[in-house]
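Structure record follows, encoded as structure tokens.
The values are calculated or read from the model by the stated rules, or taken from the named source; none is laboratory data. Computed from a prediction, not measured in an experiment: that's the story for all the values here. Cβ atoms come from the backbone with ideal geometry, glycine included; neighbour counts cover every protein chain shown. Side chains are part of the model used for accessible areas, which takes the heavy atoms of the whole protein and leaves out ligands, DNA and RNA. Shrake-Rupley method; radii C 1.70, N 1.55, O 1.52, S 1.80 Å.
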Amino acid sequence: MPKKLYSNYILAYPVQVLSILLLGVVLLGFGATKLEVDASAETLLLENDADLKFMREISSRYPSGLDMLIVSFAPKNDLLSHESLQAIEKISNELKRLEQVASVTNILEVPLLENGSGEITELINNIITLKSPDVSLEKARKEFLSSPIYSQNLVSKDLKTTAIIVMLKSDDTYMRLLQKRNDAKAKVEMGNDTKADKQEFTLASKEFKIYRDELRVKERKLINDMREILTNNKELGTLFLGGVNMIAVDMITFIKSDIVYFGISLFLLFIFALWLIFRQLRWIMLPLLICILSIIATTGILGFFGWEITVISSNFIALQLILTISIVLHLTVRYRELAVKYMQAKQKRLILLTVLSKLNPSFFAVFTTIVGFLSLMLSKIKPVISFGWMMASGISLSLIIAFVAFPVILALLPKKPLYVKFEREFAFSSFCAKIVHKKGRFVITACIILVVFAFFGIQKLKVENSFIGYFKSDTQIYQGMKNIDQNLGGTTPLDLIVNFKNNEDTQSEDFDDFEAEFAENKNDPKYWFSPQKTQLAMRISNYFESLEHVGKVQSLGTMLEVGKRLNNNEELDGFELALIYTQLPLQYRNIILNPFLNIEHNELRFTMRLIDSDPNLKRDELLKKMQKDLEEIVTPDIGNYKLAGAMVLYNNMLQSLFKSQILTLGAVALAFLIIFWPLFGSLKAAIIGIVANLIPMGAVFGFMGYVGIPLDMMTITIAAISIGIGVDDVIHYIHRFKNELSKDGNYIQAMYRSHNSIGYAMYYTTIATVLGFSVLVFSNFIPTIYFGILTVAVMLMVFFGAILLLPRLLIVFKPFKV
């Protein structure tokens, strides 16, 4: 059937077929205009994560990091000098004028509780700030340096850097549309959905996406406006901007830049490599034209399906180009091989022999690559799942386009003598064949060593997720986060919510029987601040502060510590706490009390930030330790507790991705074994093919374990991608080896002939793959750089496994009958 298809249609009507192909690509190309980039925090979270739902619930009661941006300011003069305070006020006033800013908090406006004198009641009724005419700058300096509320939070330990906290206006519309979409999605996922439910989900998703895109434009403008303000005030001191919104905006810029840069760089590198190897214009232009058609078609498919480019899929252009050029190179090398062998054959005859001989191995090579990418669907992270679908769709399109465009374009070109000097002078595959033949023991021994190396190295692998470590040190993201991390108490937010049992005896010991009758009103502050709550608040605060990698900790315990200092070093009782809570002006209560307790929900909130730049921070271990230790502090008779925040969510994502990818590697390998067995006609050959692929790949992961390169959201996907791409060489080599072996039954000679034919295509495609992934090292995103370097290493190791280990194992075990 393929022979008739090519003979009677594709090669018989090349102009018409090419016209139809180009028309189809152009139509798909319109979808490319709809392709969008999404770098929001949601793209790195688990679908249906219970912790995400809990965090959204908590965010509705307390201010969250998602609603806040931080400007760190290190003035040229002393922080409390008149010039510095004027600079802080100037910058703050300019920030307040921005449309999306709700409020700005700085050291000028916070209450200086230790600046006055007298009883607590007097201090509350006469709040002093740096703007007060009777403020003592010396007392203020002492308070900022020592106060648990401000030190390493609003000011650095050395009082040289301060934070200007910008709270953004809450967007109720966004949350409403998000909840509406999630509710509609939940109905569909329940399995009992109707046509109306599906339509509701589609409409809700569209409505949410439209509003989200509008919001991103506003966010981008906000960040740009804030940066313009900071730039215009840079003569006043050193200014950095930090926050989740800033990272999302910058990440979109990085991703768009990477896509363009990777695409252009790859085309230039491929032009150089193709010219170096083939030295003929047609063998440069034909592969590149097929790559262009493939990219246009794939981006069109992504646009039509609404698959957005995320951090995970930001290198899809590079991957698509690499995979496409590999298919075309196999066709090119096979055509050239046949053209040299059958010099008198007509052009269409050579083309027909080429596509028919490569159709079967190329199909299975692409099929196994698709299986590798589709294994990403087993994760619970939508962008990773979408990335798997993107690449599976893309490589499928590449196969179809290559096997249509290559023969029809070549059929329209006249047959020309070939330049084969490169193959003759750079006979690398012949060199490898001699090693396989004469140094067989060395090859086997080296592989045994690699197996041992990989076994122990893989056990040292760790899964980590450092936000600061994701960016180059010269980027604004890195500099801002580093400054905040080291000077202002850490960057990665983590919360603990303690919810007390409703039947708790809320009556304070300080109240007499007369007041006890009001205890039934547990929401009344007079009765809420019981000794049990205050003692627990202090105990938990002290516990968190004792942990090595925890930066700033704030809670009710912080206020209790300050209150003790104000109360002649005596603990505040429930009545005094209630007095502070009710009498303190709302603007100050929102700073020092309301973020850490909610009387209505009968709960305490502890906020902390982790020192993300600490290289010894092991996030999963720290969370597990906290979870275990808190079991002894917050016992069931007190209530329940839950850790929340960005750290929990990203750790959930990473641990889930690690488990899904590592555990599915075995399933993917088994799937390949099932595919290889009938394809090669031998179970032994199928096992050899799997082993020759897994050993070199395992060696790279072993190396990562030994040198301490962590598995993160990018590098963890290397396994699925590499095993999918890596088996291509195995399939092509064994397919050719069987054909050569059938000629004389001699394993050694079959190996030499295979190396001198398919071996060229294998190392040409490896050159293309290595060049392709090497451009990723120029990304601004460190995980992408690691992904590029490690994938290059995996591809090189897999190539040597296919060109050295695979043929040696075939010779030793002789899986085919002769």
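For LEU572, the amide hydrogen comes within under 5 Å of the amide hydrogens of LYS564, counting only partners 5 or more places away or on other chains and with H modelled in the peptide plane. When only the Cβ of Lys, Arg, Asp and Glu is charged (+1, +1, -1, -1), the dipole of segment 412-492 relative to its Cα centre reaches about 720 debye. A simple spin-label model places pseudo-atoms 7 Å from Cα toward Cβ; at LEU159 and ARG61 they are separated by 3.8 nm. Projecting the Cα positions of ILE223, LEU268, ILE247 onto the charge dipole of segment 183-270 (unit charges on Cβ atoms of Lys, Arg, Asp and Glu, taken about the Cα centre) puts LEU268 furthest along the positive direction.
Counting only residues at least eight positions apart within a chain, or on another chain, the lysines with an alpha carbon under 20 Å from that of LYS533 are LYS501, LYS522, LYS564, LYS642. Over 19 Å between Cα atoms, which of LYS53/LYS185; LYS185/LYS256; LYS157/LYS552; LYS34/LYS198; LYS738/LYS814 qualify? Cα-Cα > 19 Å for LYS185/LYS256; LYS34/LYS198; rest within.
The spacing between segment 413-479 and segment 68-103, judged by their C-alpha centroids, is 52 Å.
If you place +1 on the Cβ of every Lys and Arg and -1 on the Cβ of every Asp and Glu, how big does the dipole about the Cα centre of the chain come out, in debye to the nearest 20?
Working: 83 positive and 77 negative charges, 1538 e Å.
My answer is approximately 7380 debye.
Here segment 1-35 is scanned for amide nitrogen atoms under 13 Å from the site 7 Å beyond the Cα of ILE400 along Cα-to-Cβ, giving 21-29. Using 0.36 nm per residue and subtracting the Cα-Cα separation, the extra length available between LEU276 and LYS234 on full extension is 10.1 nm. Quote the accessible area belonging to HIS735 in square angstrom, nearest 10, computed with a 1.4 Å probe and with ligands, DNA and RNA left uncounted. HIS735 exposes around 50 Å² with every protein chain in place. If I take R0 = 45 Å and measure r between the Cβ atoms of LEU108 and SER257 in this structure, what FRET efficiency does the formula 1/(1 + (r/R0)^6) give, to the nearest 0.05? Between LEU108 and SER257 the formula returns 0.70.
Stretch GLN16-GLN199 to full length: gain in nm at 0.36 nm per residue minus the Cα-Cα span? The partial results should precede the final answer.
Numbers: separation 183, 0.36 × 183 = 65.88 nm, distance 4.02 nm.
Taking GLN16 through GLN199 to full extension adds about 61.9 nm, to one decimal.
Helix screen, the chain: DSSP H segments with Cα axial length of 18 Å or more and mean Kyte-Doolittle hydropathy at least 1.0 are 14-32, 244-278, 282-305, 316-341, 347-374, 382-411, 440-458, 646-680, 683-707, 758-774, 782-800. Computed from the C-beta positions of GLN344 and TYR211 and an R0 of 60 Å, the FRET efficiency is 0.35 to the nearest 0.05.
Between the amide H of ILE381 and those of GLU47, distances stay under 5 Å, these residues lying 5 or more places away or on another chain, with hydrogens modeled in the peptide plane. Comparing Cα centroids, segment 210-238 and segment 645-673 end up 36 angstrom apart. Packing-based ranking of 567-575, 467-475 yields 467-475, 567-575, ordered from highest to lowest mean Cβ neighbour count within 10 Å. Candidates PRO417, VAL562, ILE782 compared by Cα position along the dipole of the chain: farthest toward the positive end lies PRO417, with charges placed on Cβ. Summarised in one figure, the compactness ratio Rg/Rh of the chain, Cα atoms and Kirkwood Rh, is 1.07.
The fraction of accessible area contributed by carbon and sulfur in the chain is 59 percent, rounded to a whole number (1.4 Å probe; ligands and nucleic acids excluded).
With R₀ set to 35 Å, the beta-carbon distance separating LEU27 from ASP183 gives a calculated FRET efficiency near 0.45. Amide H to amide H distances under 5 Å link GLY551 with ARG609, LEU610, ILE611, where only residues 5 or more positions off or on other chains count and H is placed in the peptide plane. Computed over protein heavy atoms with a 1.4 Å probe, the accessible surface of the chain works out to 44 Å² per residue. Put simply, segment 709-804 fits an ellipsoid with semi-axes of 33, 12, 8 Å; these come from the alpha carbon gyration tensor as the roots of five times its eigenvalues, largest first.
Ligands, DNA and RNA aside, CYS447 has an accessible area near 20 Å² when probed at 1.4 Å.
Please label the shape of segment 202-284 as rounded, prolate or oblate, based on the square roots a ≥ b ≥ c of the eigenvalues of the alpha-carbon gyration tensor (a/c under 1.5 means rounded; beyond that, a/b larger than b/c means prolate, else oblate). Because a/c hits 1.5 or more and a/b fails to exceed b/c, segment 202-284 counts as oblate.
Using 0.36 nm per residue of separation minus the Cα-Cα distance, give me the extension gain between ASN224 and TYR9 in nm, one decimal.
Working: separation 215, 0.36 × 215 = 77.40 nm, distance 5.63 nm.
Full extension of this stretch gives 71.8 nm more.
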